[in-house]
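Inspection log for the structure reproduced underneath, given as structure tokens.
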Amino acid sequence: MSLIEFGFLVIIVTIFGVVIAAMYNATSIRNKDVDLSLLPAMVQNQLRELGEERHSEFLEEYERRRKRAGIAYLLSLVGCHYAYVRKWGILALFWLTAGGMSLWAFIDLFRIPGIVRDCNRDVAIAVLKDLRSVE
């Protein structure tokens, strides 16, 4: 397989991933419920202790700050998906290696949901800390 054929394969797989992620995000946008089971156990436990008003404040702020896989897939087309999840050092390395000569970029197509999920866990913890500090 030549380098040009490999490049076309990467583009096709990327487009397919973006379409799938966009369909997934369209479904999750319609269903505004946040899946609390994806949050860290510590956050889940502390959410149970909060009152109804504080709980809804958490959900509102978390929904506003959380990252979405579809947007990360779109940004991966230009190599900026690590910037979206605020991983600046990895972004610099990604750019310096030209996406690991496209191999790293291809592997990231499968890793993006996990990267976004990890970022959203950090966001949930930060939102909870901010909410606790306001009390």
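The values are calculated or read from the model by the stated rules, or taken from the named source; none is laboratory data. All values reported here derive from a predicted model rather than from experimental measurement. Neighbour counts run over all protein chains shown; Cβ positions are idealised from the backbone, glycine included. Heavy atoms of the whole protein, side chains included, go into the accessibility calculation; ligands, DNA and RNA do not. Shrake-Rupley method; radii C 1.70, N 1.55, O 1.52, S 1.80 Å.
The residue that is least open to solvent (accessible area, probe 1.4 Å), counting only those in segment 46-93 that are within 12 Å of residue 108 (Cα to Cα) and part of a loop (DSSP other than H, G, I, E, B), is 79. Do we find a residue being modelled with pLDDT under 90, surrounded by 15 or more Cβ atoms within 10 Å (Cβ to Cβ) and part of a helix (DSSP H, G or I) anywhere in segment 108-124? Within segment 108-124, one or more residues are modelled with pLDDT under 90, surrounded by 15 or more Cβ atoms within 10 Å (Cβ to Cβ) and part of a helix (DSSP H, G or I).
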